[in-house]
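Notes follow once the structure below has been shown.
The values are calculated or read from the model by the stated rules, or taken from the named source; none is laboratory data. A quick note: this is a predicted structure, and the numbers were derived from the prediction, not measured. With ideal geometry, Cβ positions are generated from the backbone for all residues, glycine too; neighbour counts draw on all protein chains shown. Remember, those area values only see protein heavy atoms, side chains included, never the ligands or the DNA or RNA. Shrake-Rupley method; radii C 1.70, N 1.55, O 1.52, S 1.80 Å.
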Amino acid sequence: MNLTHQLIRWSRIRPHDWAIFHGARPWASFVQWADRSARLASAFRERGLEPGDRVLFFAQNHPRYLELLLGCWWAGLVAIPVNARLHHREVQWIIDNAQPRIGFLHKTVSADQLAGLEQAIEIESDSYESLISRREGFTSVPIHDTHPDDTVWLFYTSGTTGRPKGVQITARNLLSMGLCYFNDVDPIAPKDIMAYAAPMSHGAGLYSIPHLIAGARHVVPASGGVDPAELFELGRTLGPLSTFAAPTIVNRIVDYAEIERLSFEQCAAAFKTIVYGGAPMYVNDIQRALRVMGPRFVQIYGQGETPMVATALSRHHLIDTMHPRHLQRIASVGVAQTPVQIRIADAQGQALPTGEIGEVLVRGDTVMRGYWNNESATRETLRDGWLFTGDVGSLDEDGFLTLRDRSKDLIISGGSNIYPREIEEVLMTAPEVAEAAVVGAPDAHWGETIVAFVVAKPGQRADAELLDQLCKENIARFKRPKRYVFVTELPKNNYGKVLKTELRDRLARAPT
Ligand code: AMP
């Protein structure tokens, strides 16, 4: 079950059709994509990489991402795409944990900042291109005979312990996710084109799979990021785009359409489907999005541990305004996707009756094999075949899941998951800090913004600027608290645990 065969299939059926674009510029045909992936696979072999070895991608969105994925899988290697915005110390932790042998790095990272890689190659350099360059008598290595349960993608997600955990995503997980997209999210035709505006290390990149299987096209915007004007222009030039975006990005796209007074027809010419998920979407926002851009939205709910697949709220359900429970439905995350079952359970994992609130469990072919080298976390998260998501919600009588809350402390800001403990551990290294507790405060633009409550040691003074500097030196910039609140003590329960709910309530009561 090697996903590379999907590329080979299209490289035979439509060899010279353009498969990948960089901006509006054609970048590779199907046969060129397959050829470049084959050459990468051979280069990996020549450098001594064996099936099961890991390859790190620490890079911004680039068309090369797609051939690197396929080149790795061709040779039976495990891809580790990590967010280009991570601090190099965070990436170092991932390297220490997963021990990749090669790293493909973006140009702003110096290989000297990362220890433990046998080889580091800048993704936009000549040495990258020389891996692929034509050599006399080149014959490709055979496509690796991947078992469905082999890990092919290590997806690093932070845990409540603050330490990232490597989710082992298998070939079966990816194929099931790719196939169910057609049933649960959106049918794909070969003329369709997937645009990678959000990071390819996360959901957007995972959605390359259904588009690969369907023989559709792929475009990486020239800016490598999210620029609504650029996306509308690309859609008009190349054909209506499909894309995956967190709600905050969706809101920016809708803002643009509204300000430019684009008609439904103009929106339809630029976007076929915008899939949103990864964080809560407020009812007002999705209603406005539908009003401004028309029926081109689908919601998904999933997590790294069951990539992109738990539930989906279809295009049809989003526009079915005559349904008596329409409002409840658009506030939900939809119904179970095809390969999974959803259960709402109590703390022991026992199913709760319809309507009751409990932890969301997921079981099925997209659920991860386990965490990399972390048996205790795997045992805690996978029990009796069920994935304990840490999300809290309820199912209605029609099977629609409404998420009531997230695992208590996770902050989701701009679609990125931020684990307070990680930030607290950095703050606690400041000599003047006695205690620190980080929570999310509601924010109209980002969803949530990060606020740190800090208690200084007796007789000492903590300073926001110095703490911010400390964070800059240790964690990704987007995880830095945007606000510091200095207090004399933190609210605690009888067991001495900090009551974060109370801190959040305080912020809600006095938001500024
Ligand atoms: P990640 O593993 O980074 O993809 O984050 C997954 C988490 O994001 C889930 O466990 C949920 O808490 C949250 N999430 C994902 N999709 C949605 C959604 N559609 N609505 C609300 N929260 C979501």
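Just a few scattered comments:
- Around D396: net Lys/Arg minus Asp/Glu count, Cβ-Cβ under 13 Å: 0
- Along segment 384-399 the Karplus relation, 6.51 cos²θ - 1.76 cosθ + 1.60 evaluated at θ = phi - 60°, assigns HN-Hα couplings of 6, x, 9, 8, 8, 7, x, 8, 10, x, 9, 9, 8, 5, 8, x Hz to successive residues, with x for each Gly and Pro.
- Only the Cβ atoms of Lys and Arg (+1) and of Asp and Glu (-1) were treated as charged; on that basis the dipole of the chain about its Cα centre amounts to roughly 460 debye.
- At full extension, R404 and D468 could sit 19.8 nm farther apart than now, given 0.36 nm per residue minus the alpha carbon distance.
- What the phi angles of segment 463-471 give under the Karplus curve with 6.51, -1.76 and 1.60, with θ = phi - 60°, is a coupling list of 10, 4, 5, 5, 5, 5, 4, 4, 5 Hz, glycine and proline written as x.
- Distant-in-sequence amide H partners of R483 (H built 1.01 Å from N, under 5 Å): A452
- Taking the DSSP beta bridges with both ends in the chain, the antiparallel portion is around 60 percent.
- Ranking Q350, L238, F486 by how far each Cα lies toward the positive end of the dipole of the chain (charges on Cβ) leaves L238 at the top.
- A full extension of the chain between S376 and R509 corresponds to an added length of 44.0 nm, given 0.36 nm per residue minus the alpha carbon distance.
- Residue range of the chain that is longest and free of GluC sites (Glu not before Pro) which are both DSSP loop and sparsely packed (at most 10 other C-beta within 10 Å): 137-396
- Considering only beta bridges that DSSP places wholly inside segment 70-197, some 60 percent are antiparallel.
- Exposed trypsin sites (Lys or Arg not before Pro) absent: longest stretch of the chain, with sites in DSSP loops and at most 15 other Cβ within 10 Å deemed exposed: 326-407
- Ellipticity estimate at 222 nm from DSSP helix runs (n ≥ 4, -39,500 (n - 2.57)) divided over the chain, nearest 500: -9000 deg cm²/dmol
- Along the chain, the longest continuous region that contains none of the chymotrypsin sites (Phe, Trp or Tyr not before Pro) in a DSSP loop with at most 14 other C-beta atoms within 10 Å is 283-494.
- Within the accessible area of the chain (1.4 Å probe), percent carbon and sulfur: 50
- Per-residue 3J(HN,Hα) values for segment 146-154, derived from phi via the Karplus relation 6.51 cos²θ - 1.76 cosθ + 1.60 with θ = phi - 60°, read 6, 7, x, 9, 6, 6, 10, 9, 9 Hz in sequence order (x marks Gly and Pro).
- Cα-projected label distance for A268 with R163, points at 7 Å along beta-carbon direction, nm: 5.4
- Charge tally in the Cβ shell below 12 Å around K165, where Lys, Arg are +1 and Asp, Glu are -1, K165 excluded: -2
- Residue-span extension gain [K482 to S133] - 0.36 nm each, minus C-alpha spacing: 121.0 nm
- Look at where the Cα atoms of segment 389-435 and of segment 177-227 average out, and the two centres are 27 Å apart.
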